[in-house]
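As structure tokens, the structure follows; a few thoughts come after it.
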Amino acid sequence: MMFRGKINMVFFLTKSIFIALYRQKLLKSKTGGEILKQKELDEKITAASISILSYCVSRTSNQQDAEDLAQDILYEIVKSAANLRDDRAFYGFMWKVAGNVYKQWYRKKLTVNVCELTDDVHEDYDEFAAVLEDNSDTYLLRRELMLLSEKYRRATILYYLENKTCVEISQILSISESMVKYLLFKSRKILKEGMIMERNFGEQSYNPKNLNMMYMGEGPNKYWDLINTNKIRQNILWACYNDSLNEDEIALQIGVSLPYIENDIKTLTDVWLLKKDGNHYRTNIIILTEDFEQEKASKLLPIQKEIAEKLKEFNDANETEIRNVGFHKNDMSLTSLNWHMITMMLFYAYSAVGDKFFCNETRPVTAFGEHAYLWGVENVKGGFNCCTINAEEWKATISMFFMDWSSRPNLHHSDFYANRKWVKMYDKIVHGDTNNLNEFEQEIVAEMIHKGYVINEDERVLPAMPVYTNEQLTNMVELQKPVIDEIGILFEKLHKEIVAVLKNHVPTHLKSQVNDIAAMGLFNDGTFVPASLLNQSGYLSTEWVPGEIATSYAVLAE
């Protein structure tokens, strides 16, 4: 079989078109029992959309056929999945349906589109074209085209699809005519050799993984938007985590053609999340996998329970002494007071241990020039979002400390962080300087009242969070010191356990990062989990008391 004219080489429906097609044939599903919910079904099909589209494109000769096949597969998946009870079996079920629908679709095809790739560059083209004996060879050619690297693909497209001469291509690509001929010859050789190779799509092509970028250090987490909102980049990092892969192998592993991921690979390399070695790539950060989390959890739980018990015992035994320190809001409810003391003690305990043993004065420099630790987490199950606003750095007369409870925060530190106007306004409120506010400042105060950061009491605007003088803070930390020291020792035990487990789950090229990333993980394991245990027992309630900020506090500068 010969190809004549232009080939529609590799194409994809956009995600929005795909979802639109999906919605057109969406059936009303049954509900009840343990049947897979429609929302979950929607999410799974949408997440696998690229792989389904790639499957359709690789088996059809034009865009219309691919769209028709995609609709037919979606129709059968939605119709049949209504009674699927085990969501873990979804992907195996989905590909079985896709295979059956494709077989039926192919049997209905009465003709095969024929087109020709003309060649005047090299004599052995007839030999290359001869391998295209049936439709399966068409599929193999399409598969290899989608894996062809950019420099070869560009020359091939210009020559065979856009009918450019070698002279014209040399001008477009700013290379010599002999180099054009070499690229075309090499492209045919790569395609020919690739078509007789066995290639298997990796598991991530039909079962993509999650990856959340975690960050501790200077400035905001600029990696969040780069990775957490991009499933392709997440799965590229997963693909290269345990194995060093070239671009072709990455494309096969995640089931997306190379033209659609080249820029993502470059972006990940530019921000140092991928490390390039020759033609191969390795992920450059540790990923805390679900397997690691499960093994770690059973070993850490006894220590975490001990931390929770020590925190509770301190609060119960020292309520009067705590209130007698005399800080602003020392009359807050017992629920808020418990949260305030526990978050403060956990923060101080972690800081002391981290500064002493794990966190170097100079953290690694990121691609953005900031000092921070970076790591990935497969599944984020909650935590504290921490932030410190230093009076000197912010040119204010208060410092602010935040430990937002992520699952149901008492406030959001992001309202203040990188918002100097809010910090300066809160500074005025803390010092009682609110008599001569301009219209803009009054609007800020009104919004702060609405969000619960300040309260209106007896015609005075007052901070809703605890406020300390330096002397009061020193007295409070001195009162807490015995339990902070005890928890610090337990934190060290946690760290040793985390390191021991993590070493077994990290590829060799990343083992040098284990101690530091274990210390980063220690923050969640040492602070969030004990607090979660107290929350689950009912001791720490997230039914926040209006007018009281329990997980943050301010300190007056000297």
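Values in this text are rule-based calculations from the coordinates and carry no lab data. Since this is a predicted model, take the numbers as computed values, not measurements. Here Cβ is always computed from backbone atoms with ideal geometry, including for glycine, and neighbour counts include all displayed protein chains.
Values as computed for the structure displayed
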item	result
Two-decimal log10 I(q)/I(0) for region 503-547, as the Debye equation yields it once each C-alpha is a single scatterer, q = 0.15, 0.21, 0.27, 0.30 Å⁻¹	-0.56, -0.74, -0.92, -1.00
Relative contact order (%) - criterion: Cα under 8 Å, at least six apart; region: region 290-556	36
Net charge contributed by nearby residues that have their C-beta within less than 13 Å of E457 (K/R +1, D/E -1)	-2
Under-5 Å amide H pairs with Y241, H placed in peptide plane, nonlocal only	T283
Area projected by the alpha carbon convex hull of region 290-556, averaged over all directions, nm²	15.3
Ranked packing of 489-499, 169-179, 420-430, most packed first, by mean Cβ within 10 Å	420-430, 489-499, 169-179
Set K299/K381; K329/K451; K395/K481; K192/K231; K266/K503 screened for pairs whose C-alpha atoms are more than 20 Å apart	K395/K481; K192/K231; K266/K503
Positive-end residue, region 290-556 charge dipole about Cα centroid, Cβ charges, pick of N438, C387, G354	G354
